[in-house]
Ligand code: KPL
């Protein structure tokens, strides 16, 4: 299925692993797509070389894509996939201000804080959110590897009746390309569950420099995950989210399904880029403080990852 080419101009904002993964899939299904990158170097390379995509079965294909740097602003479009990380969201807000009222923006950030930030420049009807558990690794500015399948959930932040035609078409497109995709009534509950999954998997894999699946191979990491889960579930309960044992089992499944995957936080550490730990574990610590709920493990991991990231970035500099 093709998203009506005349009526649907898809713009992927962000040239990281998630942005390149979705751009490659869109381009492969014949959908015209423009990637907006942070640097003009990456935009030039994508325009010249195309985007190389390694599928789950190991087959590699190269698809032509259009790309431009964010400094040129956002191209006209009616569906924007916002794949930049939480810490980089500030830098695209001015460009998003110019997005047409009838356009739709789907935000794919890890962690929390993006809803409030996006609502400062977009209306409620423009803003959609997605939570996905797909795995991807960027090998270079023009190469991405699909490392694990998962589910894509799209919807408004709070309860809605799931009737936006463009969002429905996007979900149908995703299903037609083999993704498990669902148009959800509200994304907030899923965002909380993803936040907790990321708060367990990402800092531990980044700290020990192991792929996601390795967390399940050791009884110490398994125990750490359980203890982190209990702290996070207590904070989530304060925020009105009922987190259950089944949610921990879901996190275990994510580790299994993306076992070869290096978490985004580990990729950031290795590339000496700032991590999202502040909007993941930092968010839980912050809500915990407000509620009077102790979160010593998340606070320790937050500090350790900030320190590790800081030391790596300094070494580079
Ligand atoms: O979302 C992820 C991430 O790396 O940020 C998971 C699901 C943990 C996959 O690696």
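The values are calculated or read from the model by the stated rules, or taken from the named source; none is laboratory data. Just so it is clear, the model here is predicted, and its values are computed rather than measured. Glycine also receives a Cβ, built like all others from the backbone with ideal geometry; neighbour counts cover every protein chain displayed.
A few points about this structure:
- Selection status of residue 23, at pLDDT 95 or above and in contact with a strand residue (DSSP E or B) (Cβ under 6 Å, 6 or more places away or on another chain): yes
- Complete set of residues in region 26-56 that are in a helix (DSSP H, G or I) and at pLDDT 95 or above: 40, 41, 42, 43, 44, 45, 46, 47, 48, 49
- Close pairs (6 angstrom Cβ cut-off, 6 or more residues apart or separate chains): without any contact (Cβ under 8 Å) to a residue 24 or more places away in the chain in region 270-286, surrounded by fewer than 21 Cβ atoms within 10 Å (Cβ to Cβ) and assigned to a helix (DSSP H, G or I) anywhere: 285/299
- In the set (1) in a helix (DSSP H, G or I); (2) free of Cβ contacts under 8 Å to residues at least 40 places away in the same chain, residue 265 fails one condition alone, (2).
- Unmet requirement for residue 126, which otherwise passes all of (1) over 27 Å from residue 295 (Cα atoms); (2) surrounded by fewer than 14 Cβ atoms within 10 Å (Cβ to Cβ): (2)
- Within region 124-138, restricting attention to residues that are in a loop (DSSP other than H, G, I, E, B) and in contact with a strand residue (DSSP E or B) (Cβ under 9 Å, 6 or more places away or on another chain), the residue that is nearest to the ligand (Cβ to nearest atom) is 133.
- Some residue of region 89-102 being in contact (Cβ under 8 Å) with a residue 24 or more places away in the chain, closer than 26 Å to residue 198 by Cα and within 16 Å of the ligand (Cβ to nearest atom): yes
- Residue that is farthest from the ligand (Cβ to nearest atom) [pool: residues in region 268-303 that are over 18 Å from residue 226 (Cβ atoms) and outside any helix (DSSP H, G or I)]: 292
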